[in-house]
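Some notes on the structure that comes next.
The values are calculated or read from the model by the stated rules, or taken from the named source; none is laboratory data. Since the model is a prediction, treat every value here as computed from it, not as a measurement. Cβ sites come from the backbone with ideal geometry, for glycine too, and all protein chains shown count toward neighbours. When the accessible area is computed, the model is the full protein with side chains, heavy atoms only, and any ligands, DNA or RNA have been set aside. Shrake-Rupley method; radii C 1.70, N 1.55, O 1.52, S 1.80 Å.
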Amino acid sequence: GRGDYLVKVIQKLPREIRSRLSLENDEHAYGAADILDICRRAGVPMVFDNHHHVVREKLATHDDPSIARFVKLAAQTWPDPSWQLVHLSNGLESIHDERHSQLIADFPKAYRKVPWVEVEAKGKEEAIYHLRTRLK
């Protein structure tokens, strides 16, 4: 399938490129389980995205147990787990809205111990400021 083809393409890339490559789950083509499998087989890190996962799986909350499970499994794909990066975003008008919100209202509990969280919000700097203030 598509996953097998992607793994073959990645494995043919020069080491210099593969060493800089990571893959992220999305809400359309590759869900978290798909990308995790591809990352494991291709030897590249997985960047877990909570919002894409929530939208694709139609989850009721950003604290669904599957988020914690994928955060933990994705960490194992990083050469050094202290490098793990996740993406954080919320839907604009609802939890299932594919568009990114201005700020971050829902911060998954599973993200609290992740070393690197990249905020994907329209008001990025303001969103980060509000998160830092709220999470201290």
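Please find, within the stretch 75-97, the residue that is nearest to LYS124 (Cα to Cα) out of those that are without any contact (Cβ under 8 Å) to a residue 40 or more places away in the chain and outside any loop (DSSP other than H, G, I, E, B).
LEU88
With respect to ALA29, is the statement that it is hydrophobic (A, V, I, L, M, F, W, C), surrounded by 18 or more Cβ atoms within 10 Å (Cβ to Cβ) and more than 13 Å from the chain's Cα centre (by Cα) true?
Details: hydrophobic (A, V, I, L, M, F, W, C): yes; surrounded by 18 or more Cβ atoms within 10 Å (Cβ to Cβ): no; more than 13 Å from the chain's Cα centre (by Cα): yes.
Spelling it out, it is not the case that ALA29 is hydrophobic (A, V, I, L, M, F, W, C), surrounded by 18 or more Cβ atoms within 10 Å (Cβ to Cβ) and more than 13 Å from the chain's Cα centre (by Cα).
Tell me, yes or no, whether the stretch 6-26 has at least one residue that is in contact with a helix residue (DSSP H, G or I) (Cβ under 9 Å, 6 or more places away or on another chain), under 15 Å from ARG69 (Cβ atoms), small (Gly, Ala, Ser) and modelled with pLDDT of 95 or more.
no
Among the residues of the stretch 95-105, count how many are surrounded by 13 or more Cβ atoms within 10 Å (Cβ to Cβ) and in contact with a strand residue (DSSP E or B) (Cβ under 9 Å, 6 or more places away or on another chain). Break it down into steps so the answer makes sense when it comes.
Here is the first cut: in the stretch 95-105, the residues surrounded by 13 or more Cβ atoms within 10 Å (Cβ to Cβ) are 95-98, 100-105.
Then keep just the ones that are in contact with a strand residue (DSSP E or B) (Cβ under 9 Å, 6 or more places away or on another chain); that gives 97-98, 100-101, 104.
Count: 5.
Could you go through the stretch 75-94 and let me know if any residue there is over 13 Å from the mean Cα position of the chain (by Cα), at negative phi, open to solvent by less than 20 Å² (accessible area, probe 1.4 Å) and not basic (Lys, Arg).
Within the stretch 75-94, one or more residues are over 13 Å from the mean Cα position of the chain (by Cα), at negative phi, open to solvent by less than 20 Å² (accessible area, probe 1.4 Å) and not basic (Lys, Arg).
Within 24 Å of ARG41 (Cβ to Cβ) and charged (D, E, K, R): which single residue out of ASP80, ASP63, ASP106 fits that description?
Within the list ASP80, ASP63, ASP106, the selection yields ASP80.
Going residue by residue through the stretch 54-69, is there one that turns out to be without any contact (Cβ under 8 Å) to a residue 40 or more places away in the chain, open to solvent by 10 Å² or more (accessible area, probe 1.4 Å) and under 30 Å from LYS12 (Cβ atoms)?
The answer is yes; a qualifying residue exists.
Tell me, please, whether a residue that is open to solvent by less than 60 Å² (accessible area, probe 1.4 Å), among the small types (Gly, Ala, Ser) and in contact with an Asp or Glu (Cβ under 8 Å, 6 or more places away or on another chain) can be found in the stretch 7-25.
For the stretch 7-25, residues open to solvent by less than 60 Å² (accessible area, probe 1.4 Å), among the small types (Gly, Ala, Ser) and in contact with an Asp or Glu (Cβ under 8 Å, 6 or more places away or on another chain): absent.
Would you point out which residue out of ASP34, ASP63, ASP97 is at pLDDT 95 or above, under 21 Å from ARG134 (Cα atoms) and of a type outside the set (S, T, N, Q)? Don't jump to the end; show me each part of the working.
Values: ASP34 fails: under 21 Å from ARG134 (Cα atoms); ASP97 fails: under 21 Å from ARG134 (Cα atoms).
Exactly one of ASP34, ASP63, ASP97 is at pLDDT 95 or above, under 21 Å from ARG134 (Cα atoms) and of a type outside the set (S, T, N, Q), namely ASP63.
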